[in-house]
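The values are calculated or read from the model by the stated rules, or taken from the named source; none is laboratory data. All of these numbers come straight from a predicted model, not from anything done at the bench. Cβ atoms come from the backbone with ideal geometry, glycine included; neighbour counts cover every protein chain shown.
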Amino acid sequence: MTELRSWRTGDDIDFASCVKRVITATDPGPRPGLTVTLKELDELLDRIAATSPFLSIDLRRRVREKYPEPIRIDEELAVMFAGLSSLEAE
């Protein structure tokens, strides 16, 4: 977690590069059975965006109608990252 928090300290690393560095260190290679589709990624990003107060009210409403269950962002991202290689996660 310390490594992931380092992107906020302004040491010239962006979040995506930080995630790649962390996953690369623990990347076991191909993960049989764990795949992430672009559709799944798009849906997750929509759901995360819908939690932002800066998203238009109309878009927020449409996403919440499609996905009525509240999202647990940390858990959903952990599952998503588990199915990605370090390069894909970046």
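Looking at the range 34-51, can you tell me whether even one residue there is among the β-branched types (Val, Ile, Thr), modelled with pLDDT of 85 or more and loosely packed, with under 10 Cβ neighbours inside 10 Å?
For the range 34-51, residues among the β-branched types (Val, Ile, Thr), modelled with pLDDT of 85 or more and loosely packed, with under 10 Cβ neighbours inside 10 Å: present.
Please go through the range 56-90 and give me each residue that is in a loop (DSSP other than H, G, I, E, B), over 25 Å from Val19 (Cα atoms) and aliphatic (A, V, I, L, M), ordered by number.
None - no residue of the range 56-90 is in a loop (DSSP other than H, G, I, E, B), over 25 Å from Val19 (Cα atoms) and aliphatic (A, V, I, L, M), so the list stays empty.
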